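Colleague: Below: one structure in structure tokens.
Derivation of every value follows stated rules applied to the coordinates shown; laboratory data play no part. Quick caveat: nothing in here was measured; it's all calculated off a predicted structure. Cβ sites come from the backbone with ideal geometry, for glycine too, and all protein chains shown count toward neighbours.
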Amino acid sequence: MGLVRQVQEVSLHPDQEDEMVWVGSSSGVFSIEDGWEALRQKRNLSRADRFIWNRVLQLRISFLVWKVLRNMVSGDVNLQWRGIKLVSRCCCCSLHEESLTHLFLDGAVAEQVWGFFRRRFGILHTSSPSISAECLSWFASTSSVSANHIRTALPCLILWCLWQARNKSRFEGTRMEPQGLICAVGSEVEQLGRANLWSLAHFKGDSNDPWVLFAAWRPQATRRLLISWKPPPQDVIKLNTDASVSGRRVSGGGLLWDHDGGLIFAFYEEFGDVDVLTAES
């Protein structure tokens, strides 16, 4: 304590008051962010992680892929490993236990989905030993690949659609079909295009793929037309009618107007089980 007191009594600048300085920041002011940076254990960022977090994919998709690559998704086998007793049956084939590798990579459905897109993008290998290896094979498939390239986003979208289809099969009783999943992946790519998240740079080296049209997609300009109701001419009456269909219930009605815009007569009728065209006529 004597040494501490001696240090405290040393005054480097007698005309200024001493103040605490945090050496972990350039400003000398402590912040939670700087404290966390000083305490946390930093590891080298994996090559896969550099690609799954990007500006094209939604965070929920990137987060799912991050969990899948670390075997952290709550599949049946993982739940069993954590001590939860349950009978496991894969949703894609009903023949195997639901491990993440089987569900996302080498199961009957996943294998066909991966194979379809490998052939589409000219990736020659037939299978990968792990989900991480499959993703990395896409990320390294061409020198044009960047963090937002179609070849980095597509594996993530495939994993996302497989997980979505698995949940629908498990909780809604639908079947996992390869063709349906292929269409679902295409729909996700299209939605990203409609959100203007694709650019031509994201298809560098794959400019012949039909999906490149989504990179140039722009919403069509809408035209607004002002529609107003006008009363009929002198000594003329006007009849406005309309029909409505709700389930199997069809009804309609009308309004009769004079030339001053005054209501002469109104009617309403239930038509029963007829088609829309009959009701409108």
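Colleague: For the stretch 28-85, state which chymotrypsin sites (Phe, Trp or Tyr not before Pro) are in a DSSP loop and have at most 12 other beta carbons lying within 10 Å of their beta carbon.
Modeller: none
Colleague: Out of Pro14, Val4, Ile32, whose Cα points farthest toward the positive end of the dipole of the stretch 1-46 (charges: +1 Lys, Arg; -1 Asp, Glu; placed on Cβ)?
Modeller: Farthest towards the positive end: Ile32.
Colleague: Trypsin sites (Lys or Arg not before Pro), restricted to the stretch 134-193: which are DSSP loop and have at most 14 other Cβ atoms within 10 Å?
Modeller: Here the trypsin sites (Lys or Arg not before Pro) that fit, given the DSSP loop and packing criteria, are Arg175.
Colleague: With θ set to phi - 60°, apply the Karplus curve 6.51 cos²θ - 1.76 cosθ + 1.60 along the stretch 29-37 and write out the HN-Hα couplings as whole Hz, x wherever there is a Gly or Pro.
Modeller: For the stretch 29-37, the Karplus-derived couplings read 9, 6, 9, 4, 4, 5, x, 5, 4 Hz, x marking Gly and Pro.
Colleague: Charges at C-beta only: +1 for Lys and Arg, -1 for Asp and Glu. How large is the resulting dipole of the stretch 238-280 about its Cα centre, in Debye rounded to 20?
Modeller: That gives a dipole near 80 debye.
Colleague: What does the charge dipole of the chain about its Cα centre add up to, to the nearest 20 debye, if the Cβ of each Lys and Arg holds +1 and the Cβ of each Asp and Glu holds -1?
Modeller: 1160 debye
Colleague: With 10 angstrom as the radius, rank Phe267, Phe117, Phe214 by how many other C-beta atoms surround their C-beta, starting from the fewest.
Modeller: Phe267, Phe117, Phe214
Colleague: Scan the chain and hand back the longest stretch that contains none of the GluC sites (Glu not before Pro) lying in DSSP loops with at most 10 other Cβ atoms within 10 Å.
Modeller: Of all site-free stretches, the longest is 20-281.
Colleague: Exposure proxy check: Val245, Val68, Val56 ranked by fewest other beta carbons within 10 Å?
Modeller: Val245, Val56, Val68
Colleague: Taking the Cα centroid of the stretch 153-227 and of the stretch 259-281, what is the distance between the two, rounded to the nearest whole Å?
Modeller: 43 Å
Colleague: Give the long-range amide H neighbours of Val250: residues separated by 5 or more places, or on another chain, with amide H under 5 Å away, using H modelled in the peptide plane at 1.01 Å from N.
Modeller: Phe271, Gly272, Val274
Colleague: Taking the Cα centre of the stretch 26-105 as origin, sum charge times position over the Cβ atoms of Lys and Arg (+1) and Asp and Glu (-1), and report the length of that vector in debye to the nearest 20.
Modeller: Roughly 100 debye for the stretch 26-105.
Colleague: What order do you get for Leu86, Leu197 when you list them from fewest to most C-beta neighbours inside 10 Å?
Modeller: Leu86, Leu197
Colleague: Turning to a different aspect of this structure: Specify which residue in the list Leu124, Gln58, Val145 is farthest towards the positive end of the charge dipole of the chain, using unit charges on the beta carbon of Lys, Arg (+1) and Asp, Glu (-1), about the Cα centre.
Modeller: Comparing the listed Cα positions along the dipole, Leu124 ranks first.
Colleague: OK, next. Quickly estimate the mean residue ellipticity at 222 nm for the chain, helices only: each DSSP H run with n ≥ 4 gives -39500 (n - 2.57), and the total goes over all residues, rounded to 500.
Modeller: -11500 deg cm²/dmol
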